[in-house]
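Report on one structure; see the data block that follows.
The values are calculated or read from the model by the stated rules, or taken from the named source; none is laboratory data. Keep in mind it's a predicted model, so treat the numbers as computed, not measured. Glycine gets a Cβ as well: all are built from the backbone with ideal geometry, and neighbour counts include every protein chain shown.
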Amino acid sequence: MVVFPQLRLRRLRRTETIRKLIQETRVEVRDLVYPLFVEEGRGIKQGIPSMPGIFRFSPDQLSAEVEEIARLKIPGVILFGIPKHKDEVASMAYHPEGIVQQAIQTIKKAVPELLVVTDVCLCEYTSHGHCGVVLNGDVDNDQTLPLLAKTAISHVEAGADMVAPSDMMDGRVKIIRETLDKASYHDIPILAYSAKYASAFYGPFREAAESAPQFGDRRSYQMDPPNVREALREVEEDINEGADMVMVKPALPYLDVISRVRATFNHPLAAYNVSGEYSMVKAAAQQGWLDEKRTVIEILMAIKRAGADIIITYHAKDFARWSESNV
Ligand code: PBG
């Protein structure tokens, strides 16, 4: 056995070149997906106060943005819509001229090769802000399912490459898969937000997307933060229903969940580095309390090291710019 003083682990940390050579984890721009908020209207590029650097775009402002994203070599975007009209049954979520449907068409025209993933959920479109149909004060699982399927298929008809249900209803992956297959969209993959926790870290997103629940909270459908074995059951359920890829969300406070899912399943795994995680870094960096670039790289590295293949992150454009100038 080689022990100190022969054993010296510092030998391999001596220079940047050696450190790079033995680097176990790499984050690359091609691992990243960038969230985009799209809003009905014209001429809108409105900043989100709690998420510096992130904007809400009307469709006519999207082309320039997605051209920039593609130029930075970010492979894909995930879309969130902010409709003008909200109602009890989220009509604008599955309307052929809904905001996301319009945005998909604009993006596909501007940059056909950019991967367009859509968030399939009703919360931005319901008057009460819940992710499904509300009956007797609670979100009704089975009545919500057909609306989610209608939403998914309308996104695909508009040109989406992949759908990502984030509602946490049981059975949503199954009904979406069946509906897509019936319409001959066998080749459209489903990225399931499988282990999505009821998290305080979604705060800035809900302000951005105007999707905070008007009463109660999401704890009867999103997961309880203390649980990890239950996350494995959620992932298993979605895989059995036909999910092509699975997701853990948020990312940083749930690295152990990412790691457990990675060790248990072989499906491609995404992690969502959510709005609150982004806002914390931005706020501290603006105060001069954290070095933004080093912090972001360390965070993304940690999410990959835990086992994520794909990271959905609001930092994607910044990271891509740093990579261009060689991190
Ligand atoms: C639901 C959805 C949410 C997020 C993504 N999809 C919000 C929620 O569940 O309340 C949060 C993303 C983030 O915080 O960045 N449509």
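Couple of notes before you dig in:
- Scanning segment 128-142 for residues that are free of Cβ contacts under 8 Å to residues at least 40 places away in the same chain and within 12 Å of the ligand (Cβ to nearest atom) returns no hits.
- Residues of segment 191-219 satisfying the condition of being closer than 24 Å to LEU255 by Cβ, buried (at least 22 other Cβ atoms within 10 Å of the Cβ) and either of a type in the set (Phe, Trp, Tyr) or touching a strand residue (DSSP E or B) at 6+ places or on another chain (Cβ under 8 Å) (or both): LEU191, ALA192, TYR193, SER194, ALA195, LYS196, TYR197, PHE201, TYR202, PHE205
- Residue check for ARG172: surrounded by 17 or more Cβ atoms within 10 Å (Cβ to Cβ), closer than 30 Å to PRO49 by Cα and within 13 Å of the ligand (Cβ to nearest atom): no
- Filter result (surrounded by fewer than 24 Cβ atoms within 10 Å (Cβ to Cβ) and within 30 Å of LEU32 (Cβ to Cβ)) within segment 128-146: GLY129
- All of (1) touching a residue at least 40 places away in the same chain (Cβ under 8 Å); (2) under 20 Å from the mean Cα position of the chain (by Cα) hold for GLY47 with one exception: (1).
- Residue in segment 71-91 that is assigned to a strand (DSSP E or B) and surrounded by fewer than 17 Cβ atoms within 10 Å (Cβ to Cβ) present: yes
- Taking (1) more than 21 Å from the chain's Cα centre (by Cα); (2) surrounded by fewer than 18 Cβ atoms within 10 Å (Cβ to Cβ); (3) assigned to a helix (DSSP H, G or I) in turn, LYS108 satisfies each apart from (1).
- Candidate set from segment 188-220 (those that are assigned to a loop (DSSP other than H, G, I, E, B) and closer than 16 Å to LEU36 by Cα); member that is nearest to the ligand (Cβ to nearest atom): SER211
- Boolean, ALA164 is within 13 Å of the ligand (Cβ to nearest atom) and modelled with pLDDT of 95 or more: yes
- Residue count for segment 44-88 under the criterion of being within 16 Å of the ligand (Cβ to nearest atom) and farther than 27 Å from MET280 by Cα: the result is 2.
- Complete set of residues in segment 245-260 that are within 15 Å of LEU300 (Cβ to Cβ) and among the hydrophobic types (A, V, I, L, M, F, W, C): VAL248, ALA251, LEU252, LEU255, ILE258
- Within segment 113-127, the set of residues being more than 13 Å from the ligand (Cβ to nearest atom) and either buried (at least 18 other Cβ atoms within 10 Å of the Cβ) or touching a residue at least 60 places away in the same chain (Cβ under 8 Å) (or both) comprises LEU114, LEU115, VAL116, SER127.
- Pairs where the first residue, in segment 290-316, is on the phi > 0 side of the Ramachandran plot and the second is at pLDDT 95 or above, C-beta under 8 Å, 6+ apart: GLY307/ILE258; GLY307/SER259; GLY307/VAL261; GLY307/ARG262; GLY307/ALA263; GLY307/LEU269
- Only residues that are surrounded by fewer than 18 Cβ atoms within 10 Å (Cβ to Cβ) and within 16 Å of the ligand (Cβ to nearest atom) were counted across segment 267-307, and they come to 2.
- Condition check for ASN227: outside any helix (DSSP H, G or I), surrounded by fewer than 19 Cβ atoms within 10 Å (Cβ to Cβ), without any contact (Cβ under 8 Å) to a residue 12 or more places away in the chain and of a type in the set (S, T, N, Q): yes
- Residue count, segment 1-25 (criterion: surrounded by 10 or more Cβ atoms within 10 Å (Cβ to Cβ) and touching a residue at least 60 places away in the same chain (Cβ under 8 Å)): 1
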